[in-house]
Amino acid sequence: MQVERCFAGGKLRPGKIIRFIFPTYLTSLFTTLYTIMDGVFVSTYVGTDALAAINIVYPIVNLLSGLSLMFAVGGSTLAAIALGSKNREQASHIFSQCIFWSLLLGGCTSFMCWLQLDGILYFLGATTPTLSYCRTYAALWLLGVPAVVGKELLAYFIRIDGAPGFSFFISAAGGITNIILDALFVGAWGQGVFGAGLATVMGLALSCILGIFRLAGRKSSLRVVLQRPRPAAAVQYGMNGSSELVNQLAIAVTTIVFNRTALNLAGENGIAAVSIIMYLQFVFLGVYFGGSMGVSPLLGYTMGQGRLDLCRDLERYAHRFFWMVPPVLCALALISAPAAVHLFAKNDLVYTLAVRGMRLYSIGYLFAGFNIFTAIRLSSYGLGRWAAIVTGLRSCVLLLAALAILPQIWGLDGMWLAFPAAESGTLGGAIYFSKRCTATTTAVFPQSKNAPLETN
């Protein structure tokens with residue numbers, strides 16, 4: 001198993017660890033790039049109203065993604081601990097329960113949104129120029145919910161099954177398909193927002209199909225086990241992954257608030273500028289999420305083996321990364337803002353708003369990395385409730401408070417500064433829960449350094 005090779009001889013093998021983590025980072029980066037390409041094609045061939053419409057619909061996408069990620073992260077981290085303990089049967093049971101509950105909840109949510117779609121879209125900020133675009137894009141996502149849920153779930157479980165390279169492959173295959181179909185549907189054939197949504201769903205469906213083939217193959221340690229649905233299991237796995245649901249719901253709520261604030265301060269041009277910033281933040285935050293999720297299976301696996309000393313070594317490497325990289329990303333965002341925004345904005349006013357917004361917003365990248373890693377580290381050890389608190393602070397509570405206060409003082413500048421304010425405010429809480437995590441895991445495995453690391 002590829003995870004075990006990272007600790008051959010009971011010691012960290014940095015080269016093998018980097019090779020294990022790197023595909024996960026590439027997956028995050030690639031997902032970011034093809035998400036951005038959707039926006040580039042729509043803004044170029046349809047216009048900024050259509051781009052704004054996609055941003056308005058994204059809270060629905062966040063909700064569907066949050067439900068799948070809740071079980072993908074919550075279940076896969078516990079399955080990684082089970083695999084580390086050589087309990088493949090338990091890991092397969094976790095996998096099977098996560099498939100059932102994520103598809104059930106995703107399907108029910110999609111159906112309820114469909115019944116009240118226009119009312120939801122108006123609540124999210126749809127206006128007369130954007131409503132028809134919103135309806136089209138939202139309908140495609142709601143119909144494609146099995147692919148949305150399946151892609152996320154399978155990608156995470158394939159990763160903890162020791163195949164991060166294949167997890168990247170299914171994401172890359174879906175992403176390349178999405179970009180090619182964007183060029184055809186939106187660019188060549190003029191299908192507009194419908195074409196962009198259809199390209200995205202078809203790319204996700206391909207990733208899902210490839211993931212099914214991988215987990216059905218002989219190399220997989222995981223199997224789908226026929227068993228009765230267990231609500232208690234859904235609660236357990238959902239709670240451990242609750243930080244991901246909190247994050248997606250918080251993004252949905254704050255996107256609504258961002259859109260309404262921008263609409264009040266700068267009209268549809270303001271919403272278009274917010275849309276551009278939201279697209280571009282995926283590039284920078286994707287570095288943090290990719291690195292964190294790459295380390296996560298290794299943390300869970302070594303915890304399952306009872307090797308807390310190896311967990312601590314992994315954490316030290318990760319902490320160095322998340323203190324050294326943020327200044328580089330912040331500087332890069334400041335310098336690249338004009339060129340990056342120009343990919344989306346042809347309207348001079350939208351361009352001006354978004355460039356200034358990106359430069360103020362990017363200050364938050366100095367603090368976001370450690371906060372994101374702390375939440376994912378907590379989930380990796382089964383401390384999902386603490387992870388949800390950290391995520392809730394950065395993504396919702398402090399961000400909404402800043403959005404309520406700062407625009408009253410500094411107008412649009414205050415809106416952009418809400419993100420840095422929330423991330424910097426969360427840093428203290430992240431440090432506190434990080435120390436509690438260290439103390440808790442030490443208490444569970446006080447003599448773990450003497451435990452042998454089993455390998456096949």
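Taking every residue in the range 1-21 that is in contact (Cβ under 8 Å) with a residue 24 or more places away in the chain and pairing it with any residue that is among the β-branched types (Val, Ile, Thr) and open to solvent by 30 Å² or more (accessible area, probe 1.4 Å), at least 6 positions away or on another chain, the pairs with Cβ-Cβ distances below 6 Å are Glu4/Thr455. Using beta carbons and a limit of 9 Å, which pairs, at least six apart or on different chains, have the first residue in the range 357-381 and touching a residue at least 60 places away in the same chain (Cβ under 8 Å) and the second one assigned to a loop (DSSP other than H, G, I, E, B)? Filtered contacts from the range 357-381: Arg377/Leu383; Ser379/Gly241.
Yes or no, residue by residue, for (1) closer than 30 Å to Arg394 by Cα; (2) at pLDDT below 90; (3) open to solvent by 40 Å² or more (accessible area, probe 1.4 Å); (4) β-branched (Val, Ile, Thr):
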site	(1), (2), (3), (4)
Gly203	no, no, no, no
Cys208	no, no, no, no
Phe213	no, no, yes, no
Leu222	no, no, no, no
Pro229	no, no, yes, no
Ala234	yes, no, no, no
Tyr237	yes, no, no, no
Ala250	yes, yes, no, no
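On inspection, Ala339 fails the criterion of being open to solvent by less than 40 Å² (accessible area, probe 1.4 Å) and either touching a residue at least 24 places away in the same chain (Cβ under 8 Å) or aliphatic (A, V, I, L, M) (or both). Residue check: Phe344 meets all listed conditions (1) farther than 30 Å from Cys437 by Cα; (2) assigned to a helix (DSSP H, G or I); (3) in contact (Cβ under 8 Å) with a residue 40 or more places away in the chain but one, namely (2). One residue stands out in the range 105-119 among those that are in contact (Cβ under 8 Å) with a residue 12 or more places away in the chain and within 23 Å of the chain's Cα centre (by Cα): the one that is nearest to Gln227 (Cα to Cα), namely Leu105.
Scanning the range 255-278 for residues that are open to solvent by 10 Å² or more (accessible area, probe 1.4 Å) and either among the acidic types (Asp, Glu) or touching a residue at least 40 places away in the same chain (Cβ under 8 Å) (or both) returns Ile256, Val257, Arg260, Thr261, Leu263, Leu265, Ala266, Glu268, Asn269, Met278.
Is it the case, given these coordinates, that Ile179 is open to solvent by 40 Å² or more (accessible area, probe 1.4 Å), in a helix (DSSP H, G or I) and modelled with pLDDT of 90 or more? Considered against the rule, which asks whether it is open to solvent by 40 Å² or more (accessible area, probe 1.4 Å), in a helix (DSSP H, G or I) and modelled with pLDDT of 90 or more, Ile179 comes out as yes. Ala401 passes every criterion in (1) out of contact with any helix residue (DSSP H, G or I) (no Cβ under 6 Å at 6 or more places or on another chain); (2) within 13 Å of Leu285 (Cβ to Cβ); (3) among the small types (Gly, Ala, Ser) apart from (2).
For the range 376-393, the set of residues classified as open to solvent by 20 Å² or more (accessible area, probe 1.4 Å), closer than 19 Å to Val295 by Cβ and of a type outside the set (A, V, I, L, M) consists of Tyr381, Gly382, Trp386, listed by residue number. Looking across Phe373, Phe367, Phe322, Phe282, one residue alone is under 30 Å from Ala443 (Cα atoms), open to solvent by 50 Å² or more (accessible area, probe 1.4 Å) and within 19 Å of the chain's Cα centre (by Cα). It is Phe367.
At least 1 residues being within 30 Å of Ile17 (Cα to Cα), touching a Lys or Arg at 6+ places or on another chain (Cβ under 6 Å) and hydroxyl-bearing (Ser, Thr, Tyr) is the threshold, and among the helices (runs of 4 or more DSSP H) wholly inside the range 60-161 those reaching it are 88-115.
Being assigned to a helix (DSSP H, G or I) and open to solvent by less than 20 Å² (accessible area, probe 1.4 Å) is a description that applies to Phe419. Within the range 313-340, the only residue that satisfies the criterion of being within 13 Å of Tyr288 (Cα to Cα) and in contact with a Ser or Thr (Cβ under 7 Å, 6 or more places away or on another chain) is Cys330.
The values are calculated or read from the model by the stated rules, or taken from the named source; none is laboratory data. The structure displayed is predicted, hence computed values, not measured ones. In this analysis, Cβ positions are derived from the backbone assuming ideal geometry, glycine residues included, and neighbour counts consider all displayed protein chains. Heavy atoms of the whole protein, side chains included, go into the accessibility calculation; ligands, DNA and RNA do not. Shrake-Rupley method; radii C 1.70, N 1.55, O 1.52, S 1.80 Å.
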